[in-house]
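Accompanying notes for the structure given below.
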Amino acid sequence: MNAKKEVLIQTHGLCKSFGDHQVLKDISKTICQGEVLAIVGPSGSGKSTFLRTLNLLERPSSGRIVFEGTDITDKSVDIDKMRQKIGMVFQHFNLFPNHTILDNIMLAPVVSKLMTKEQAREKAEALLERVGLTDKANVYPSRLSGGQKQRIAIVRALAMNPDVMLFDEPTSALDPEMVGEVLELMQGLAKEGMTMAVVTHEMGFAKEVANRVLFMDEGQIEEDREPEGFFGNPSHPRLKDFLSKVL
Amino acid sequence: MNEWIQKFHQNFIEGDRFLFLLKGLGNTLIIAAFAVLLGIVLGFLVAIIRASYDREGKFKFLNAICKIYITVIRGTPVLVQLLILYYIIMSSMNNKILTAVLAFGLNSAAYVSEIMRSGIMSIDVGQFEAGRSLGLSYSAVMRHIILPQAVKNVLPALANEFIVLLKETSVSGYIGLMDLTRGGDIIRSTTYEAILPLLAVAAIYLVIVMCLSYAVGVLERRLRTSER
C-alpha cells in the first residue's frame, strides 16, 4: 500500500450476526483517502451489510471501525457528527417524498446547523446545476425518473461535504437506460478524488473507475486487488466461478 | 300540519326550551374539542414511544407502561371509564366538564396512538436510514421526515376516530352533565314528546359530523397535491 495515502476508514475484526446467521466474519480492511473501492460478490455474501456497518446503520456484533482516527463503535461517540462526514446512497434512492427536490438537498445541512438557509440553498443550486436538474428544484420526487432520483440522492449526500461516499447498489433499481447517467456522475466524483466504496453489480464500473476491487463471499473478503489483476488473473476459485457468471 | 307547528312551538319555543339544546351543544363541542386536543397530544407521545421501541428498542420501560394503558383503555367501555373518573378518581373536584374532557381525551389517546403508530411503522425504513445517514438525529428524522408522512397516511383513520369521539360524548349525561343528548332528553321529559327533540338532537350531530368530514376531505386533498 502506498505509504503517502492517508487512512480514512479502518475496520478491525468486524463481525455481524443476524440471529444464528453470521453475515460478516472477522473483516479487517483499510480504506485510504481518494480510493475508489468496488465491492462485488454473489447476493447474500454480506457486501451490503459490510457497507452499512461503515456508517453504523448496522451495528457490528464485534470489532471496531475507526473513521478519521475516531472509533465510531464507541458508544460515547456522537454518531450523527460522524455520519455528517460519511455520505450514503441507497439502492432505492430514499428521497423524502414530502419535500421538494431543493428541500431534500437543503434539509440535512440546515437542520444539523452546518449551514444557514442561504448557504444551503446556494450549495443545493450549484449541485443541481452540476447534475443538470436545476429545473426540478421545486418539484417533488414523485415527478422524477429513477435516474434523476438517484442523481438527486447523490448530490443530497454531497451537500454535507462528506469525506467519503458509500454506495449501496446505486444502479440496481434503475431501468437499463438510466444506469449510464448515474455511473457518469459517480465517475466524475471519482475523478475529483472523492473516496468511495461502491457495492455494485456493474463490472464495467469496477473495471474502469475503481482502483481496488473487493470480492466478498460468505461474509469474508476473499480478494482485494487492483482491477487489472482482479479481472485478468483471478486466483480464488469462487471468484473465478463468480466472474464466469457475471461477465 | 298545524299540529306539527304546534308541537314544534311547544318543544322548542315555549319556555325557551331550545336553550337546552343550545347549551347542550355548547358543552358537547367544548368537551369534544378539548378531548380531541388531549387525545392528539397524548396519543402522539404514546405512538412515538411505542414506535421507537418497535424500531430501535428505545424506551423499554415507558413502552411497557404505554402498552398497559392502551390495553386497559381499549378493554373497558368509555362509559365505565367516565363513571370511575367522576365517582372515584375525581370525586372531590365535582367539575363535570373537566372530568368528561379527561375521560374522553384519555380514551381517545389510546386509539389515536395505535393509529399513529401504524402510520409511523408504515413509512419505509429507508426513509429513517436516509435521514440518519445524513447525520440527522433520531428526533430530527421523526420531526422532518417521518411524522409528516405518517400523519398524512393516517388522516382518514384519525378523522374517523374524532367523529367517533364526538358521538361518544353523548354518554356524558350519566354524570349529570348537560350535553346535547341530555339537553334533548330534558325537553322530552318535560313535554312528553319524543319525536321532535330526539330528531333535532340527531340532526345536529349529523350536521357537525358532515362538516367535519368535509373539512377533512379538503385537508386530505390539499396534502395529497402537495407531493406532486
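The values are calculated or read from the model by the stated rules, or taken from the named source; none is laboratory data. Predicted model only: the values in this text are computed from it and were never measured. Cβ: placed from backbone, ideal geometry, glycine included. Neighbour counts: every protein chain shown. Side chains are part of the model used for accessible areas, which takes the heavy atoms of the whole protein and leaves out ligands, DNA and RNA. Shrake-Rupley method; radii C 1.70, N 1.55, O 1.52, S 1.80 Å.
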**Complete:** Charge tally for neighbours of A:VAL66 with beta carbon under 12 Å away, counting Lys, Arg as +1 and Asp, Glu as -1, is -1
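Taking the Cα centre of chain A as origin, work out the dipole magnitude from +1 charges on Lys and Arg Cβ and -1 charges on Asp and Glu Cβ, in debye rounded to 20.
Here chain A has a charge dipole of around 400 debye.
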**Asked** Taking the Cα atoms of the range B:145-204, what is the range of coordinates along each of the three principal axes, in descending order and whole Å?
**Response** 57, 23, 9
**Request:** Answer with one residue from A:GLY132, A:ASN104, A:ASN211: the one whose Cα lies farthest towards the positive end of the charge dipole of the protein assembly as shown, charges on Cβ with Lys, Arg +1 and Asp, Glu -1.
**Result:** A:ASN104
**Complete:** Between the alpha carbon centres of the range A:1-67 and the range A:186-224 the gap in Å comes to 13
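Using only Cα atoms, what Kirkwood radius does the range A:77-182 have, in angstroms? Walk me through the numbers on the way to the answer.
Values: mean 1/r = 0.0722 Å⁻¹.
Kirkwood radius, the range A:77-182: 13.9 Å.
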**Message:** For the protein assembly as shown, take the convex hull of the Cα atoms, compute a quarter of its surface area, and give me that in nm², please.
**Reply:** 30.7
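Nearest 5 percent is fine: what portion of the DSSP beta bridges confined to chain A is antiparallel?
For chain A, the DSSP antiparallel bridge percentage is about 55.
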**Per-residue mean of C-beta atoms belonging to partner chains within 10 Å, peptide A:79-89** = 3
**Prompt:** Relative contact order for the range A:17-105: what is it in percent, counting Cα pairs under 8 Å that are at least 6 residues apart?
**Reply:** 17
**Asked** Got a sec? Which residues in the range A:194-227 would a label at A:ASP241 touch, if it sits 7 Å along Cα→Cβ and we count backbone N under 16 Å?
**Response** A:215-223
**Asked** Based on DSSP, what percent of beta bridges with both residues in the protein assembly as shown are antiparallel, to the nearest 5?
**Response** 55
**Relative contact order of the range B:119-228, defined on C-alpha pairs under 8 angstrom at six or more residues apart (%)** = 22
**Message:** Give me the dipole magnitude in Debye, nearest 20, for the protein assembly as shown about the Cα centre, with unit charges on the beta carbon: positive for Lys and Arg, negative for Asp and Glu.
**Reply:** 980
**Message:** Please report the accessible area of A:MET203 (heavy atoms, 1.4 Å probe, ligands and nucleic acids excluded) in Å², nearest 10.
**Reply:** 10
**Asked** When only the heavy atoms of the protein chains count and the probe is 1.4 Å, how do A:LYS245, A:LYS16, A:LYS29, B:LYS167 rank by accessible area, highest first?
**Response** A:LYS245, B:LYS167, A:LYS29, A:LYS16
**Request:** Report which residues of the range B:101-135 become buried by 40 Å² or more of accessible surface when going from the isolated chain to the complete set of protein chains (1.4 Å probe; DNA, RNA and ligands ignored).
**Result:** B:GLN127, B:GLU129, B:ALA130, B:ARG132, B:SER133, B:LEU134, B:GLY135
**Complete:** With all protein chains in place and a 1.4 Å probe, B:ASP54 shows an accessible area in Å² (nearest 10) of 70
**Message:** I'd like the Karplus ³J(HN,Hα) series for the range B:208-220: coefficients 6.51, -1.76, 1.60, θ = phi - 60°, whole numbers in Hz, and an x wherever there's a Gly or Pro.
**Reply:** 4, 4, 5, 4, 4, 4, 4, 4, 5, x, 4, 4, 4
**Prompt:** What pairs from A:LYS25/A:LYS113; A:LYS47/A:LYS85; A:LYS149/B:LYS67; A:LYS29/A:LYS245; A:LYS149/B:LYS58; A:LYS85/A:LYS245 go past 29 Å between their alpha carbons?
**Reply:** A:LYS25/A:LYS113; A:LYS149/B:LYS67; A:LYS149/B:LYS58; A:LYS85/A:LYS245
**Complete:** Between the residues B:ALA200, B:ALA110, B:GLY217, the Cα farthest towards the positive end of the dipole of the range B:91-228, that dipole coming from +1 and -1 charges on the beta-carbon of Lys, Arg, Asp and Glu, is from B:GLY217
**Fill in**
Of all trypsin sites (Lys or Arg not before Pro) in the range B:1-104, the ones in DSSP coil with at most 16 other Cβ atoms within 10 Å are B:LYS58
**Prompt:** If amide H atoms are built 1.01 Å from N in the plane of the peptide, which residues on other chains or at least 5 residues away come under 5 Å of the amide H of A:ILE39?
**Reply:** A:VAL198, A:VAL199, A:THR200, A:LEU214
**Request:** Over all alpha-carbon pairs of the range B:78-228, lay out the pair-distance distribution in 10 Å bins, whole %, shortest bin first.
**Result:** 10, 26, 27, 20, 12, 4, 1
**Fill in**
Residues whose built amide H sits under 5 Å from the amide H of A:ASP217, excluding neighbours closer than 5 in sequence, are A:GLU222
**Complete:** Helix-only [θ] at 222 nm, chain B, -39500 (n - 2.57) per DSSP H run of 4+, per residue, nearest 500, equals -25500 deg cm²/dmol
**Asked** Ignoring ligands, DNA and RNA, what percent of the 1.4 Å accessible area of the protein assembly as shown is carbon and sulfur?
**Response** 57
**Asked** If you take the C-alpha gyration tensor of the range B:36-128, multiply each eigenvalue by 5 and take the square root, what semi-axes do you get, largest first, in whole Å?
**Response** 29, 13, 10
**Request:** Under 12 Å from the Cβ of B:ALA157, count the other residues' Cβ atoms, weight Lys and Arg +1, Asp and Glu -1, and hand me the total.
**Result:** -1
**Prompt:** Picking from B:GLY43, B:GLY15, B:GLY131, which is most flexible by a Gaussian network model of chain B using Cα springs under 10 Å?
**Reply:** B:GLY15
**the range A:59-166: trypsin sites (Lys or Arg not before Pro) in DSSP loop, at most 15 other beta carbons within 10 Å** = A:LYS75, A:LYS113
**Complete:** In debye to the nearest 20, the charge dipole size for chain B, taken about the Cα centre with +1 at each Lys and Arg Cβ and -1 at each Asp and Glu Cβ, equals 600
**Request:** Only helical DSSP H runs with n ≥ 4 go in: add -39500 (n - 2.57) per run for chain A, normalise by residue count and round the 222 nm mean residue ellipticity to 500 deg cm²/dmol.
**Result:** -10500 deg cm²/dmol
**Item:** Inter-part distance where the range B:26-55 and the range A:156-181 are each reduced to a Cα centre, Å
**Value:** 40
**Message:** Springs between alpha-carbon pairs under 10 angstrom, Gaussian network model over chain A: which of A:VAL199, A:VAL23, A:VAL89 fluctuates most?
**Reply:** A:VAL23
**Complete:** Scoring only Lys, Arg, Asp and Glu (+1, +1, -1, -1) among other residues with Cβ under 11 Å from the Cβ of A:GLY229 yields -2
**Asked** Top mean-square fluctuation among B:LEU212, B:LEU165, B:LEU180, Gaussian network model of chain B, C-alpha springs under 10 Å?
**Response** B:LEU212
**Fill in**
Amide H proximity to A:THR73 below 5 Å, modelled H, separation 5+ or other chain, gives A:ILE65
**Asked** HN-Hα J couplings of the range A:205-219 from phi, Karplus 6.51/-1.76/1.60, θ = phi - 60°, integer Hz, Gly and Pro as x?
**Response** 5, 4, 6, 7, 9, 6, 10, 9, 10, 10, 10, 10, 8, 6, x
**Message:** Using each residue's phi in the range B:8-20, evaluate 6.51 cos²θ - 1.76 cosθ + 1.60 at θ = phi - 60° and report the 3J(HN,Hα) Karplus result to the nearest Hz, with x for Gly and Pro.
**Reply:** 4, 4, 5, 7, 10, 8, 4, x, 6, 5, 4, 4, 4
**Complete:** Length-normalised contact order of chain B, Cα under 8 Å, at least 6 apart, in percent, tallies to 30
